[in-house]
């Protein structure tokens, strides 16, 4: 969880934006009573994602908006026919399969490797139970011979973990570790990423709060730079519906549908290609301050 966040917190709010409005269609967040007419109002119940990866959907069984990783906090507001509506820790609202949620546990560690596996025993020769992505939040309850036991009674290599408060300071280095990850619309994990998912995952690994979609990121991350400003590593370049990291003053690192992967390419080349495909010109440049 980013600094200052808590399970069920609405960290980003924009009345009228479905993604950021804590209202299931019948139950609304109690703090929005004055804004949203609803059948019922509720205080979010703190829950966590208990699956390696869960789709956050626009409606029950509807299209995927985003994804949440193991251990992510979720403020539960409503349940309908096996689906749970609530608020992710970045303020994004949507529906998860109810079976993907469990009681809240405070994380002790996070997965710092690009990917790892959960095993039924501290033995790499046993058949793995599940794949994990960088950024997964884990509650570790024991250690044995280089292995860590998480609260779900599964094991993973301790060398893939860092303490919850032990965070790197270069989100671009995190993004670079995900080069080659396949492109996936709405993806937020090593199994698949879209452009804004890459930005959010890298930011959150460094404890930088970030919204989930590129339009929200363009409104809130860092500070705006004027058009034509000299670019440097860590700057974010936006088009309508797209975003990428500057790996240096010339190279853009982004998850994109042209390469169908997280890839590096010259910014000039990407700009020309996007314009030729009807994506327009660069719409914004934002600078994050970090020590990397």
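The values are calculated or read from the model by the stated rules, or taken from the named source; none is laboratory data. Note that the structure is predicted; figures quoted are calculated from it, not measured. Methodologically, a virtual Cβ is constructed for each residue, glycine included, from the backbone with ideal geometry; neighbour enumeration extends over all protein chains shown.
General remarks:
- Meets criteria (surrounded by fewer than 20 Cβ atoms within 10 Å (Cβ to Cβ) and modelled with pLDDT under 95) for residue 280: no
- For residue 135, the stated conditions hold: it is assigned to a loop (DSSP other than H, G, I, E, B), closer than 16 Å to residue 72 by Cα and in contact with a helix residue (DSSP H, G or I) (Cβ under 8 Å, 6 or more places away or on another chain).
- For the stretch 232-248, the candidate set comprises residues that are surrounded by fewer than 19 Cβ atoms within 10 Å (Cβ to Cβ) and under 19 Å from residue 274 (Cβ atoms); within that set, the residue that is farthest from the chain's Cα centre (by Cα) is 240.
- Of the residues in the stretch 11-20, at least one is at pLDDT 95 or above and buried (at least 16 other Cβ atoms within 10 Å of the Cβ).
- Answer residue from the stretch 186-231, given it is assigned to a strand (DSSP E or B) and surrounded by 24 or more Cβ atoms within 10 Å (Cβ to Cβ) and is farthest from the chain's Cα centre (by Cα) among those: 193
- Residue among 75, 94 that alone is within 24 Å of residue 185 (Cβ to Cβ) and touching a strand residue (DSSP E or B) at 6+ places or on another chain (Cβ under 9 Å): 94
- Residue among 236, 221, 264, 253 that alone is within 19 Å of residue 178 (Cβ to Cβ) and touching a helix residue (DSSP H, G or I) at 6+ places or on another chain (Cβ under 6 Å): 253
Every residue, every condition in (1) within 29 Å of residue 130 (Cα to Cα); (2) outside the structural domain of residue 153 (by TED's automatic domain parsing); (3) within 15 Å of the chain's Cα centre (by Cα), yes or no:
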residue	(1), (2), (3)
38	no, yes, no
45	yes, yes, no
77	yes, yes, no
82	yes, yes, no
87	yes, yes, yes
94	yes, yes, yes
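- All strands (runs of 3 or more DSSP E) inside the stretch 20-103 with 2 or more residues being farther than 28 Å from residue 138 by Cβ: 27-29, 40-42
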